[in-house]
Structure formats: structure tokens, C-alpha cells
Amino acid sequence: MLLVQKIKKNRRVALPEGYAKMGWMEKLYFRRSDLPAITHVDYSARIQTVDGRAEPRFRKLLEAFHRLTGCAVLINTSFNVKDEPIVNTPEDALRCFLGTGMDYLVMGELIFSKRAYLVEESH
């Protein structure tokens, strides 16, 4: 995640009146784009690219996700939530995933669906 790029204008969300005068803590509560998980308060994002030749399975995943959603962005490998350490094990990943608003978690060849998991748990 060494690259920083501005979010494209067509993906940005209009900000409320007075936003520019708000403190940075206040600004954190406003959605700034249709990619809220990666958009910083100044519309920048730390990006990570994938070499399709080196990572063909991951490239196929990104391409399939793009075809389905129109968005070719997935959450990156710095997987953690506020006040938690970065995920290190599959167990950490599953625990973190279940405590977030994410719908899916992909680990290797496995895809976890929160909806499927929650349906199983309710029976």
C-alpha cells in the first residue's frame, strides 16, 4: 500500500454544508464515496495493485467481482478494525469478519458468506 490516489470524482458523494470547517474527527462520520471503506477524509485512498501474471487466481476474483458489481475493489490485506491488531490467522480473519459489516470473506479457495453463516446459526 505504497501508492496514494484520489478517489475518482464520479465515485464521490456530496458532502454536507460546512464540511470544510469541521474538525477531522467530525469528518470521519460522513460517507465520502461509494467506496467508504477505503476513502479518507481528503478523498484519497491507499491502493494496492495486483500483478495478474503473479496472482492469476486473485486477478480472476477481482475480474469476477467487477463483472458482478461494477466495482473492481476489494478490501486489502491489512485486515483489521479500529482498536484491533491486524489479522494473523484464519481464526482471526473469521472472528474479525463476523464482527464487521462485510458480506463475504475470501481465504485461499474458500469463500465465507455471512448470510449463509447467520442462516446456519439461526437453525
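Taking other residues whose beta carbon is less than 15 angstrom from the beta carbon of PHE65, and scoring Lys, Arg as +1 and Asp, Glu as -1, yields 0. Between TYR19 and GLU84, the modelled label-to-label distance comes to 2.8 nm, taking each label 7 Å out from Cα in the direction of the beta carbon.
Please report the net charge: other residues with Cβ closer than 9 Å to the Cβ of ASP34, K and R +1, D and E -1.
Details: positive: ARG11, ARG12, ARG31; negative: none.
Here the count lands on +3.
The accessible surface of segment 15-103, taken with every protein chain in place and a 1.4 Å probe, is 56 percent carbon and sulfur. Each residue, THR49 and ILE111, gets one label point 7 Å from its Cα in the Cβ direction; the gap between the two is 2.7 nm.
With protein chains left intact and a 1.4 Å probe, residues in the chain average 80 Å² of accessible area per residue.
Given only helices, namely DSSP H runs of n ≥ 4 each adding -39500 (n - 2.57), what is the per-residue ellipticity at 222 nm of the chain, to the nearest 500 deg cm²/dmol?
Working: 4 runs with 36 residues, N = 123.
Computed ellipticity for the chain at 222 nm equals -8500 deg cm²/dmol.
The values are calculated or read from the model by the stated rules, or taken from the named source; none is laboratory data. What you see is a predicted model, and the numbers here were worked out from it, not measured in a lab. When we count neighbours, we look across all protein chains shown, and the Cβ atoms used for this are built from the backbone with ideal geometry, even at glycine. Areas reflect the complete protein model, heavy atoms only, side chains present, ligands, DNA and RNA absent. Shrake-Rupley method; radii C 1.70, N 1.55, O 1.52, S 1.80 Å.
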